[in-house]
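To start, the structure itself, in structure tokens.
The values are calculated or read from the model by the stated rules, or taken from the named source; none is laboratory data. All values reported here derive from a predicted model rather than from experimental measurement. Backbone-built Cβ (ideal geometry, glycine too); neighbour counts: all protein chains shown. Only protein heavy atoms, including side chains, enter the accessible area calculation; ligands, DNA and RNA are left aside. Shrake-Rupley method; radii C 1.70, N 1.55, O 1.52, S 1.80 Å.
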Amino acid sequence: MPNMQMQKTPMPEQDPAVRARNFDEVARGYTWEMALNEAGRCLNCKNRPCVSGCPVNVQIPDFIALIAAGDVDGAYRKIKETNALPAVCGRVCPQETQCESKCVRGVKGEPVAIGRLERYVADHHGEEQISAPASNGHRVAVIGSGPAGLTCAGDLRKLGCDVTVFEALSTAGGVLSYGIPEFRLPKSIVAEEVSRLVAAGVKVETNMVIGRVLSVDELMEQGYEAVFIGSGAGLPSFMGVPGEGLLGVLSANEFLTRINLMKAYREGYDTPLPKATRVAVVGGGNVAMDAARCAMRLGAEEVYIVYRRGEEEMPARKEEIHHAKEEGIRFQFLSAPVAVEGDEKGFVTGLRYVDMKLGEPDASGRRRPEPIPGSEHTLSVDLVIAAIGNSPNPLLRATTRGLEANRKGCLVVNEETLATTREGVWAGGDAVSGAATVILAMGAGKQAARSIAAHLGLEN
Ligand code: FAD
Ligand code: SF4
């Protein structure tokens, strides 16, 4: 008999007042008893709606049944058949809009906590046997070591290809390493996933900016038969308001990258970051939540999220908004920045914003925010962080012959094969879709690996 408990088994979490000042993981993970209890809630539905909600088709009821049978290693192997990064996905995937949104237990009560179970399995499985398949002689270059690039590299290595991942930054992992903070996704987990790929024979070369150090043409001249571009969307957008050049205005991208790669989350590191007591973060997505929660952990007394729409329209995950509120982040809804104010030395003193009201829905389906004339206010702050979106960096398209991009700077690909307009080059993840999610990037990495394998005449 399934466990008919209506609510998910709660996730143990650090106390908000304590965690708001440290970078340790917020969610502590299920115990075995909790995992077993939650696994018992799955009905093992015949038509498996949850599987269709997973972009990489993890066989969810099967892995949950293996947990219920006490076989955590078997559950891990089952997940790994289709998902190369379960410890990452169990932590950061927006399950509420994917697999869990399709779970029939969600019709009356809460869905099965699929993500939490996936995390449990990834954190508690036994020693994994990693094999490094013999080379089939085909060389493939992967540009970018985010979830798209790592997945593509892993799948092609399994087929025997000699795969080299070229990463511009000093650390592999893409946004998983330089964007998502330690308290949501510990760096050690990403490093472990990368080391598994290396153990399987994938070569990773860091500090290699393709388009600068080497071009795509040169990679092909060196004998790479196929190139996959998974270079993400790392170019931040700015607000376009007066005062944006003042000292104390940063993009969330720069703020989070410094914290993550220069280890501001650890004691004893003197990371070059402005010391701020009152911080305004402009934006309403996951990136804005991460930046605000990091600012709080670095010692700010007051942190504001300034967002031009209302709470309902916020694109951030509900769980992240809830966690941010618990940690004391203040939300200034229906407020749009009009200027950053500064002192005579050029340092930020405030963010000037105008009240907004919501009009008719726009192209995104969300109600369009409109300024209310004569309603300007100043929020007194010493740091302003812009978290209003990212687009793909133009370097690769500017330096690669025949590589087309659309007007948003996203690479143009064939939807089925992910082939770009340049022969021998495939692309996927945020570089193609614009800023999206980890699991969609992984799905694209898989899809491209299948196309590249077919191009090379390999069985997959
Ligand atoms: P990326 O992860 O961006 O990786 C691209 C890599 O390519 C980078 O390492 C970059 O340095 C490298 N690169 C770029 N140009 C070159 C070049 N010319 N040569 C060599 N290397 C290059 N998604 C979720 O699902 N859940 C979340 O909770 C979540 N939170 C997020 C929080 C933040 C702060 C951010 C920024 C994003 C978040 N996302 C989240 C989105 C998610 O991380 C991305 O959609 C995903 O990482 C995209 O994967 P990717 O492989 O396409 O690109
Ligand atoms: Fe289990 Fe929910 Fe999937 Fe049904 S839909 S098999 S209850 S996880």
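Collect the residues in the stretch 210-223 that are aliphatic (A, V, I, L, M) and more than 13 Å from Arg397 (Cα to Cα), keeping them in residue-number order. Spell out how you get there, then give the answer.
Restricting attention to the stretch 210-223, the residues satisfying the condition of being aliphatic (A, V, I, L, M) are 210, 213-214, 216, 219-220.
Matches in the stretch 210-223: Val213, Leu214, Leu219, Met220.
Report whether or not Glu341 is touching a residue at least 60 places away in the same chain (Cβ under 8 Å), within 25 Å of the chain's Cα centre (by Cα) and more than 20 Å from Gly389 (Cα to Cα).
So Glu341 fails the test.
Could you list, in sequence order, the residues of the stretch 425-460 that are touching a strand residue (DSSP E or B) at 6+ places or on another chain (Cβ under 9 Å), part of a loop (DSSP other than H, G, I, E, B) and either among the aliphatic types (A, V, I, L, M) or within 19 Å of Ala84 (Cβ to Cβ) (or both)?
Across the stretch 425-460, the qualifying residues are Gly428, Gly429, Ala435, Leu456.
Of the residues Cys99, Cys93, which is more than 10 Å from ligand 2 (Cβ to nearest atom), open to solvent by less than 20 Å² (accessible area, probe 1.4 Å) and out of contact with any His (no Cβ under 9 Å at 6 or more places or on another chain)? Full working, then the answer.
Working: Cys99 fails: more than 10 Å from ligand 2 (Cβ to nearest atom).
Testing whether each residue is more than 10 Å from ligand 2 (Cβ to nearest atom), open to solvent by less than 20 Å² (accessible area, probe 1.4 Å) and out of contact with any His (no Cβ under 9 Å at 6 or more places or on another chain) leaves just Cys93.
If you take just the helices (runs of 4 or more DSSP H) that sit entirely in the stretch 50-108, which of them hold at least 2 residues that are closer than 28 Å to Ser131 by Cα and among the charged types (D, E, K, R)? Give the derivation first.
Values: elements: 60-68, 72-80, 86-92, 99-102.
So the answer is 72-80.
How many residues are away from ligand 1 (no atom under 14 Å from the Cβ) and either out of contact with any helix residue (DSSP H, G or I) (no Cβ under 8 Å at 6 or more places or on another chain) or in the same structural domain as Gly299 (by TED's automatic domain parsing) (or both) when one looks only at the stretch 384-411? Even if it seems obvious, please write down each step before you answer.
So the first thing to find is which residues in the stretch 384-411 are away from ligand 1 (no atom under 14 Å from the Cβ), and the list is 384, 401-402, 404, 406-408.
So of that shortlist, the ones also either out of contact with any helix residue (DSSP H, G or I) (no Cβ under 8 Å at 6 or more places or on another chain) or in the same structural domain as Gly299 (by TED's automatic domain parsing) (or both) come out as 384, 402, 406-408.
Final tally of qualifying residues: 5.
What tally of residues in the stretch 209-233 results from selecting those that are in a loop (DSSP other than H, G, I, E, B) and open to solvent by less than 30 Å² (accessible area, probe 1.4 Å)?
Pass one, the stretch 209-233, residues in a loop (DSSP other than H, G, I, E, B): 209, 211-213, 215, 222-225, 230-233.
Okay, now just the ones that are also open to solvent by less than 30 Å² (accessible area, probe 1.4 Å), so 211, 215, 224, 230, 232-233.
Residues meeting the conditions: 6.
With the requirement that a residue be in a loop (DSSP other than H, G, I, E, B), surrounded by fewer than 16 Cβ atoms within 10 Å (Cβ to Cβ) and of a type outside the set (Lys, Arg), what does the stretch 15-40 give you?
Taking the stretch 15-40 as the starting set, the residues that turn out to be in a loop (DSSP other than H, G, I, E, B) are 15, 20-26, 28-31, 40.
Remaining after also requiring surrounded by fewer than 16 Cβ atoms within 10 Å (Cβ to Cβ): 15, 21-22, 24, 28, 31.
Answer for the stretch 15-40, where residues must be in a loop (DSSP other than H, G, I, E, B), surrounded by fewer than 16 Cβ atoms within 10 Å (Cβ to Cβ) and of a type outside the set (Lys, Arg): Asp15, Asn22, Asp24, Thr31.
Among what's in the stretch 347-382 and is over 15 Å from Pro242 (Cα atoms) and among the hydrophobic types (A, V, I, L, M, F, W, C), pick the residue that is modelled with the lowest pLDDT.
Ala363
Ala252 passes all but one of (1) within 26 Å of Pro392 (Cα to Cα); (2) surrounded by fewer than 17 Cβ atoms within 10 Å (Cβ to Cβ); which number fails?
Every condition holds for Ala252 apart from (2).
Which residue out of Pro337, Pro369 is of a type outside the set (S, T, N, Q), surrounded by 18 or more Cβ atoms within 10 Å (Cβ to Cβ), outside the structural domain of Ala427 (by TED's automatic domain parsing) and more than 17 Å from Ala280 (Cα to Cα)? Give the derivation first.
Numbers: Pro337 fails: more than 17 Å from Ala280 (Cα to Cα).
The conditions single out Pro369.
Just a yes or no: is a residue in the stretch 290-307 in a helix (DSSP H, G or I) and farther than 19 Å from Gly179 by Cα?
As a first pass, look at the stretch 290-307 and keep what is in a helix (DSSP H, G or I): 290-297.
The next check asks that each one be farther than 19 Å from Gly179 by Cα; those that pass are none.
Checking the stretch 290-307: not a single residue is in a helix (DSSP H, G or I) and farther than 19 Å from Gly179 by Cα.
Return yes or no: is Leu379 open to solvent by less than 20 Å² (accessible area, probe 1.4 Å), outside any strand (DSSP E or B) and not hydroxyl-bearing (Ser, Thr, Tyr)? So that I can check it myself, show each step before the final result.
On the way: open to solvent by less than 20 Å² (accessible area, probe 1.4 Å): yes; outside any strand (DSSP E or B): no; not hydroxyl-bearing (Ser, Thr, Tyr): yes.
So Leu379 fails the test.
State whether one or more residues within the stretch 195-202 are part of a strand (DSSP E or B) and assigned by TED's automatic domain parsing to the domain that holds Gly149.
For the stretch 195-202, residues part of a strand (DSSP E or B) and assigned by TED's automatic domain parsing to the domain that holds Gly149: absent.
Quick check on the stretch 183-200. Is at least one of its residues over 20 Å from the mean Cα position of the chain (by Cα) and either among the small types (Gly, Ala, Ser) or open to solvent by less than 20 Å² (accessible area, probe 1.4 Å) (or both)?
Within the stretch 183-200, one or more residues are over 20 Å from the mean Cα position of the chain (by Cα) and either among the small types (Gly, Ala, Ser) or open to solvent by less than 20 Å² (accessible area, probe 1.4 Å) (or both).
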